[in-house]
Amino acid sequence: MRMVIKDAVREAGNDPIFAVAQRASQAIAEYGADNVVDSTLGALFDDEGNLICFDEVYTVLKNLPDAQIAGYAGIPGIPAFRTQVQEACFRDHRPDAFIEAVATPGGTGAIRNAVANYTNYGDKILLPDWHWAPYQTIAAENRRGFAFFELYDENGDFNMQSYKSVFSELLDKQGRILSILNTPAHNPTGYSISIPEWKELIDFYTTTAKADPEKRIIILVDIAYIDFAGEGSRDFMELLAGMPENVLVLYAFSASKGYTMYGLRNGAILCAAPNQETADEFAASCTFSNRGTWSNGTRCAMETLAKINEDTDSLERFLAEQAKYRVLLQKRADAFLGEAERVGLNLCSYRDGFFISIPCDDPKAAAAMLEDQNIFIVALKKGLRFAPCAVAEADCLKVPALIKKAVDAVNK
Ligand SMILES: Cc1ncc(COP(=O)(O)O)c(C=O)c1O
């Protein structure tokens, strides 16, 4: 006998990434950390396998008065957070647009609010074929679907042709479109849309929007990993403004990775709107959504982010810490990429970030072969996801040859 409604019948509901991470933890307990490579979770770990937690973040947080930890944050977030998260999002690249921010529990909340307020029931959200799987969960949970474009062209660059074609088809059918672009430092591939690619996209949005002002084009840039991307990672933000009034740019900001606040559930949805009316409408709809879902966000996390960004000395210490770990991550990724090239392991184009993807015909079988050697890696639909964010440099050097062996064994 089924008690849940038909639409809510789900498979176990357990995230497959957490399942493999659990097996990795068991292997570490059994064989010792030195004998296991755990490349599963999307969080930054030190070389000894400890979760990195930024000192500045936790010093500020632990010095908050109790009332700033215990109190409600207000439905759209505390005012200081709503201002400072704009700094955290744009830094020196604030677009010339009407900007509003509404607090959400992590980037996930921002994505949820974009889906709920900018698409109709049954609409399809535009995603790349390589993507973070929970986008599909959020779409399904909200009774929406999804359509895919191919992320890469034959040169490993952004596949404009595929993007424009699926985009136009959806827009014609639905009269509106929500396109989620996770850049820079895309999960799972590490791809970052380049400035020339952004310029071409902006031309496309502008032409398409002008052709029919009744259509609605919403671009959600998911910047969950932006603070771990290299120099110039925010340069595109200024370009994404000044388009026709039927184009709206949104940002999903997450404090999970950039502030090491994963479990504190802190983030925001921001708009860079073409006019005040659209920005006000955005704030009203997203605030209403907050009230109707999780109500408030986490007060102490908002206070901490606001205090760090308000105080020049605190911000300097925080940015120095972020930079130190960005370098650690880049060194690990460079080690993996260099060794992959040496052994001839084929990768998706990687530019920045926590993850590197390896195309593979049978990812599950390849991951199982690696698991037998105590190498835990995530099997996606189209390949394997390696996580230099979680693996010491020495292991980043060791694994490409073993991954190649597994991939060669399963490829047709
Ligand atoms: C691509 C992408 N977007 C958004 C998020 C949102 O994370 P959170 O809700 O923890 O801020 C994640 C987290 O893993 C992610 O990988």
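The values are calculated or read from the model by the stated rules, or taken from the named source; none is laboratory data. Being a predicted model, the structure only gives us computed values, none of them experimental. All Cβ positions, even for glycine, are placed from backbone atoms using ideal geometry, and neighbour counts span all protein chains on display.
Taking the conditions (1) within 20 Å of the chain's Cα centre (by Cα); (2) part of a helix (DSSP H, G or I); (3) in contact (Cβ under 8 Å) with a residue 60 or more places away in the chain; (4) within 26 Å of VAL378 (Cβ to Cβ) in turn, GLN86 satisfies each one other than (4).
Scanning the stretch 187-197 for residues that are of a type outside the set (S, T, N, Q) and either surrounded by 20 or more Cβ atoms within 10 Å (Cβ to Cβ) or in a loop (DSSP other than H, G, I, E, B) (or both) yields PRO188, GLY190, TYR191, ILE193.
The set of residues in the stretch 113-136 that are within 11 Å of the ligand (Cβ to nearest atom) and surrounded by fewer than 18 Cβ atoms within 10 Å (Cβ to Cβ) comprises ALA133, PRO134.
Among the numbered conditions (1) in contact (Cβ under 8 Å) with a residue 60 or more places away in the chain; (2) farther than 24 Å from LEU170 by Cβ, the only one that PHE282 does not meet is (2).
Of the candidates ILE375, ILE356, ILE403, the single residue that is within 16 Å of the ligand (Cβ to nearest atom) and either at pLDDT 95 or above or polar (S, T, N, Q) (or both) is ILE356. Scanning the stretch 337-378 for residues that are touching a residue at least 60 places away in the same chain (Cβ under 8 Å) and part of a strand (DSSP E or B) gives ILE356, SER357, ILE375, PHE376, ILE377, VAL378. Of the numbered criteria (1) touching a strand residue (DSSP E or B) at 6+ places or on another chain (Cβ under 7 Å); (2) closer than 24 Å to ASP153 by Cα, the one GLY353 fails is (1). The strands (runs of 3 or more DSSP E) located wholly in the stretch 108-186 that include 1 or more residues which are in contact (Cβ under 8 Å) with a residue 60 or more places away in the chain, assigned by TED's automatic domain parsing to the domain that holds ALA211 and in contact with an Asp or Glu (Cβ under 8 Å, 6 or more places away or on another chain) occupy 176-182.
Remark: pairs (first residue in the stretch 56-82, at positive phi; second residue surrounded by 11 or more Cβ atoms within 10 Å (Cβ to Cβ) and in a helix (DSSP H, G or I); Cβ separation under 8 Å; 6+ apart in sequence or on different chains) = GLY77/VAL85; GLY77/MET302. Is there a residue being in a strand (DSSP E or B), hydrophobic (A, V, I, L, M, F, W, C) and assigned by TED's automatic domain parsing to the domain that holds GLU48 anywhere in the stretch 387-395? No; the residues of the stretch 387-395 include none that is in a strand (DSSP E or B), hydrophobic (A, V, I, L, M, F, W, C) and assigned by TED's automatic domain parsing to the domain that holds GLU48. Scanning the stretch 1-42 for residues that are buried (at least 16 other Cβ atoms within 10 Å of the Cβ), part of a loop (DSSP other than H, G, I, E, B) and either touching a Ser or Thr at 6+ places or on another chain (Cβ under 8 Å) or not hydrophobic (A, V, I, L, M, F, W, C) (or both) yields THR40, GLY42.
Okay, residues lined up against (1) more than 16 Å from the ligand (Cβ to nearest atom); (2) among the aliphatic types (A, V, I, L, M); (3) not assigned by TED's automatic domain parsing to the domain that holds ASN187:
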{"site": "SER289", "(1), (2), (3)": "no, no, no"}
{"site": "VAL343", "(1), (2), (3)": "yes, yes, yes"}
{"site": "ASN346", "(1), (2), (3)": "yes, no, yes"}
{"site": "ARG351", "(1), (2), (3)": "no, no, yes"}
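Got at least one residue in the stretch 275-287 being more than 15 Å from the chain's Cα centre (by Cα) and outside any helix (DSSP H, G or I)? Checked against the condition, which is being more than 15 Å from the chain's Cα centre (by Cα) and outside any helix (DSSP H, G or I), the stretch 275-287 yields at least one hit. Taking each residue of the stretch 213-225 that is without any contact (Cβ under 8 Å) to a residue 40 or more places away in the chain and looking for partners that are away from the ligand (no atom under 16 Å from the Cβ) and in a loop (DSSP other than H, G, I, E, B) with beta-carbon atoms closer than 9 Å, six or more apart or interchain, yields PRO213/PRO244; PRO213/GLU245; PRO213/ASN246; GLU214/GLY175; GLU214/ASN246. Of the residues making up the stretch 216-260, those that are within 16 Å of the ligand (Cβ to nearest atom), β-branched (Val, Ile, Thr) and part of a strand (DSSP E or B) number 2.
Report yes if ASP408 is out of contact with any helix residue (DSSP H, G or I) (no Cβ under 8 Å at 6 or more places or on another chain), surrounded by fewer than 23 Cβ atoms within 10 Å (Cβ to Cβ), acidic (Asp, Glu) and closer than 26 Å to GLY258 by Cβ, otherwise no.
On the way: out of contact with any helix residue (DSSP H, G or I) (no Cβ under 8 Å at 6 or more places or on another chain): yes; surrounded by fewer than 23 Cβ atoms within 10 Å (Cβ to Cβ): yes; acidic (Asp, Glu): yes; closer than 26 Å to GLY258 by Cβ: no.
Considered against the rule, which asks whether it is out of contact with any helix residue (DSSP H, G or I) (no Cβ under 8 Å at 6 or more places or on another chain), surrounded by fewer than 23 Cβ atoms within 10 Å (Cβ to Cβ), acidic (Asp, Glu) and closer than 26 Å to GLY258 by Cβ, ASP408 comes out as no.
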